[in-house]
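Report on the following structure.
The values are calculated or read from the model by the stated rules, or taken from the named source; none is laboratory data. Because the structure is predicted, anything quoted here is derived from the model rather than measured. No Cβ is skipped: glycine too gets one built from the backbone with ideal geometry, and neighbour counts run over all protein chains shown. Note: accessible area is taken over every heavy atom of the protein model, side chains too, but ligands, DNA and RNA are not part of it. Shrake-Rupley method; radii C 1.70, N 1.55, O 1.52, S 1.80 Å.
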Amino acid sequence: MLSNIFEIKQNKIKFQQVLPNHMITAMMLLNKNLVIKYLNPAAEAILVKSLNSLYDQSIEDIIRKTSVKKERFSQLLSSGQEFNDGDVVIEFMDQAQITIDLTASSIEFNNEPHILLEFKQIDHQKQISAEAFQHQQWESGRDLIRGLAHEIKNPLGGLRGAAQLLDNDLDGEQKEYTAMIIEQADRLTNLVDRLLGPNQLPKIAKQNIHVALEKVIQLVNFNNPKGIKLFRDYDPSIPDIKFDEDKIQQAILNIVNNAIQAIESHNTILLKTRVASNQIINGKRVKLGVQISIIDDGPGIPENIQGTLFYPMVSGRSNGTGLGLSICQTLIHQHRGKLLCTSQPGKTEFTILLPICGDKI
């Protein structure tokens, strides 16, 4: 019996020493002055720094801003009452941000009070949930618009036909009225066709994504009255991927043209490509993909429309139709890809993620 008790105590000590290094929950130990005394490997991974580099540093030296007030740690040390906080935003000195779920508790270590922080990064889960919600909303909006477009297109054809028949029985100035009806019916039909979006399946072929990007740059340079400079930052190691060159070229061209209309002549646009691994695209994990980024240094997209940017009829310009980005979204989805946007004053980045050949389209 005594040997069993001794064995249990020995195992307990060993497990207490070993287990923190294998936990997926990040752990940080602070002394009463909020100085870092311990990080487990999960915390090192989230902070992208080792314990050796952060040991004896105050968290105020590495964290620029956080939604948790310093006073709460003082209360924790005095009362011993642990607290939990969800969706805690942390901004580091390099302006990188993460969102975590946090548990803070008070513990004794070497006969002195310490704070144990346990946290888990939730940016990835939040992003997946937000993308799934946005995708559902986009599909619902698209289906609604398409349904309305079909309802409008049918009587438009009848209206145009009746105007043509009436035109045959009229002469003189009265023909101007039927000509106007026909012209406006054609204009609305064209708008409805754009609302319905691309109606052909992509013609997939294995090819180099940089060829499509170079054609976009060439087309833009042919018609660039503002003289905006386009820069390249390509990853030459990207293998050929399967895509419809015309459709991907149209999607990228739409985004670049939108950027040109929104920025001034002194601003620039960067086209960048990278290999992206282990990406979640439309709820599925893709082992290997291509990331195409279109980045400008203009004024940014108004915050009030950023969440609905890819919905039909949403535009940041007073004279915009709000169809260009919705069509881009449709074209990218036809390739089993994903289109994202982040924007703030001075940097707007559209990101296209496409699966590499191993993933079926």
Among the numbered criteria (1) over 19 Å from ILE327 (Cα atoms); (2) open to solvent by 70 Å² or more (accessible area, probe 1.4 Å), which one does GLN261 miss?
(1)
Residue check, ASN33 more than 33 Å from the chain's Cα centre (by Cα), more than 22 Å from THR99 (Cα to Cα) and at pLDDT below 70
no
Just name the residue that is nearest to ALA45 (Cα to Cα) out of those in segment 88-118 that are charged (D, E, K, R) and open to solvent by 80 Å² or more (accessible area, probe 1.4 Å).
ASP94
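On the basis of being surrounded by fewer than 21 Cβ atoms within 10 Å (Cβ to Cβ), more than 17 Å from ASN257 (Cβ to Cβ), among the acidic types (Asp, Glu) and modelled with pLDDT of 75 or more, does GLU349 make the cut? Even if it seems obvious, please write down each step before you answer.
Working: surrounded by fewer than 21 Cβ atoms within 10 Å (Cβ to Cβ): yes; more than 17 Å from ASN257 (Cβ to Cβ): no; among the acidic types (Asp, Glu): yes; modelled with pLDDT of 75 or more: yes.
Against the criterion (surrounded by fewer than 21 Cβ atoms within 10 Å (Cβ to Cβ), more than 17 Å from ASN257 (Cβ to Cβ), among the acidic types (Asp, Glu) and modelled with pLDDT of 75 or more), GLU349 does not qualify.
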Please go through segment 37-76 and pick out each residue that is in contact with a strand residue (DSSP E or B) (Cβ under 6 Å, 6 or more places away or on another chain), assigned to a helix (DSSP H, G or I) and either under 16 Å from ALA26 (Cα atoms) or open to solvent by 50 Å² or more (accessible area, probe 1.4 Å) (or both).
ALA42, ALA43, ILE46, LEU51, LEU54
Within segment 170-192, which residues are in contact with a Lys or Arg (Cβ under 8 Å, 6 or more places away or on another chain) and charged (D, E, K, R)?
ASP186
Taking the condition at pLDDT 90 or above and over 19 Å from SER343 (Cα atoms), does ARG274 pass?
yes
I'd like to check something: does segment 290-305 contain any residue that is surrounded by 14 or more Cβ atoms within 10 Å (Cβ to Cβ), closer than 20 Å to ALA205 by Cβ, under 17 Å from the mean Cα position of the chain (by Cα) and not β-branched (Val, Ile, Thr)?
no
Quick check: is even one residue across segment 79-94 in contact (Cβ under 8 Å) with a residue 12 or more places away in the chain and at positive phi?
yes
Residues of segment 213-244 being open to solvent by 50 Å² or more (accessible area, probe 1.4 Å) and part of a strand (DSSP E or B), in sequence order, are LYS229, PHE231, ARG232, ASP233, LYS242
Output the qualifying pairs, or none if there are none: Cβ atoms under 6 angstrom, residues six or more apart or on different chains, first residue in segment 169-191 and over 10 Å from LEU156 (Cα atoms), second residue modelled with pLDDT of 80 or more and open to solvent by 50 Å² or more (accessible area, probe 1.4 Å).
THR178/LEU166
Looking at LEU195, LEU166 in this structure, which one is modelled with pLDDT under 90, farther than 30 Å from LEU339 by Cα and not acidic (Asp, Glu)?
LEU166
